[in-house]
Amino acid sequence: MDPAKAAENAILEHLQSHDEIPDSQKFAASSGFDHGVVENVVKSLCGSRTIEANEIKEERWALTDEGKSYVDSGSPEVQFFRALPSEGEILMKDLEKKLDPTVYKVGPSAAVVNKWVTMRKEKREVRGSTKPETIVYVSRKINDVEDKVKDLLQKVEAGEAVDEKDVDALKRRKLVIPQTWRGYSIRKGPEYVLVREKAATDLTREHIQRGDWKQLKFKEYNLSAQVQPIQIGYVQPLLEVKEEIQNIFLQMGFEEMPTNNYVESSFWNFDALFQPQQHPARDSHDTFFLKVPSTTRQLPEDYLERVKQVHQSGGYGSKGYEYDWKRDEAEKNLLRTHTTAVSTRMLYKLAQQKSFVPKRYFSIDRVFRNEAVDRTHLAEFHQIEGLICDRGLTLGDLLGVLEDFFSRLGMTKLRFKPAYNPYTEPSMEIFSYHDGLKKWVEVGNSGMFRPEMLLPMGLPEDVNVIAWGLSLERPTMILYGIDNIRDLFGHKVDFDVIKNNPLCRLGLQ
Ligand code: PHE
């Protein structure tokens, strides 16, 4: 018979004549069932309310392998004692050959402490050596001994109560170890029967046709059963955090900008942002330039002319950079190095409208930089960018919106440090105090776009733009406790980590 069925029969039979099975482990041991099988049967019988079971959990002592070996052949001190002749002495050395190494190691000292044996030492001259040799003789002091250690071990094995002092002594000798013991006490349930009828799990067409569904017993729904994990696609942590941040921007009344162009021209990525053509960021060491197509075809000509002028000779109250601006340089295609290129395109579009409308824009998308890859840097990452374009904005507005935005991410303690960007003035780096790391960490960059950038677009003079940017990877790594960016993004990401990651909610700490 199937062992589960046999165990079920045994339990139900036992309960017919007894009130209780007090201990499923003992029951399993005495009736020759594996306790794992009994446990499953208990759960199933509880499900049909045939029995009621209470879980019992206890710290118990179990024998170590050494402990078990002494239950069979006696404690080492008794084995040692028994190896001695009933009268007279024996050479220790001779015993070494006779006894098991562990018995020879532990037995003698324990036997001496118990005052069972006497040791007599004798010095003997050794021929050819100046040092005398010590030889040891052993003899019995008493006729017979009791093996208390073995008795104790047997009691522990049988789960009987043992004095705490004795357990301590066994523990010190590493003969017993603590073990968590789990089992059930079992009684009859409200639906108790000696032989459980197999409950039907499905109502079929045949049941209805034959009409036997009326007599059938159906299995009850177990609403607390654990379900199988569902094998579906899992959202990458970066995408999860991205969505949370999108929601934060939407709640703050921002519109998302279209960022679906990784390839950008130098004009929109740099020139329109008043970033001079000799700027080190425009070096191929920092930027990926495209080979095919290497240049862009279309640029807005009149705007390009104004950008050229502002670089070369200034205007709008600026001196410009006073260098020879080259169209070739502006036409070079690249992988965008920041999403500020997108913001620039959007602001230019806004400036082309008949009358000015204030806007709040955001974007979260990929950018590329020709950087050495290490634990915290990849050659591509995601940038989060927010901007507000309105009349009369001040640095105070920027500070206010940053406090609001970052506090929604759970960063309430902020500090700002003056910084430099070619396209913003003033510019500020943003630091947040990290309670876990107990230090200030840089979380972003921000500023007010320069008139040299905004006025050539055609925006009204009293319109200001406050903006900030940060990486998506940095807060995600902090939130998920990931310290190597390659574990978060790229081909080395472990799928199990993605499947098993708990949801991380921003702003909740
Ligand atoms: N573009 C900046 C960067 O790459 C971020 C930034 C955006 C700074 C907007 C100021 C204003 O880090």
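The values are calculated or read from the model by the stated rules, or taken from the named source; none is laboratory data. In this text, all values refer to a predicted model and were calculated from it rather than measured experimentally. Virtual Cβ from ideal backbone geometry, glycine too; neighbours counted across all protein chains shown.
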When you check residue 410 against the structure, is it at positive phi, assigned by TED's automatic domain parsing to the domain that holds residue 287 and in contact (Cβ under 8 Å) with a residue 24 or more places away in the chain, yes or no? yes
Here the residues within segment 160-175 that are among the hydrophobic types (A, V, I, L, M, F, W, C) and assigned to a loop (DSSP other than H, G, I, E, B) are 161, 162, 175
Here the residues within segment 209-222 that are more than 51 Å from the chain's Cα centre (by Cα) and either surrounded by 10 or more Cβ atoms within 10 Å (Cβ to Cβ) or not in a loop (DSSP other than H, G, I, E, B) (or both) are 209, 210, 212, 214
Picked from segment 414-436 (must be surrounded by 13 or more Cβ atoms within 10 Å (Cβ to Cβ) and not in a strand (DSSP E or B)), the residue farthest from the ligand (Cβ to nearest atom) is 422
Exercise. Just to be sure, is residue 156 assigned to a helix (DSSP H, G or I) and within 17 Å of residue 62 (Cα to Cα)?
Worked result: yes
When every residue in segment 280-317 that is part of a helix (DSSP H, G or I) and under 18 Å from residue 370 (Cα atoms) is compared, the one modelled with the highest pLDDT is 282
Of 55, 77, 66, 59, the only residue that is part of a helix (DSSP H, G or I), in contact (Cβ under 8 Å) with a residue 40 or more places away in the chain and closer than 18 Å to residue 179 by Cα is 66
Only one of 376, 394 is away from the ligand (no atom under 14 Å from the Cβ), modelled with pLDDT under 95 and polar (S, T, N, Q), namely 376
message: Based on this model, can you work out whether residue 485 counts as within 16 Å of the chain's Cα centre (by Cα) and either modelled with pLDDT of 85 or more or farther than 26 Å from residue 229 by Cβ (or both)?
response: yes
Checked segment 88-134 for anything without any contact (Cβ under 8 Å) to a residue 24 or more places away in the chain, surrounded by 12 or more Cβ atoms within 10 Å (Cβ to Cβ) and among the aliphatic types (A, V, I, L, M); matches are 99, 112
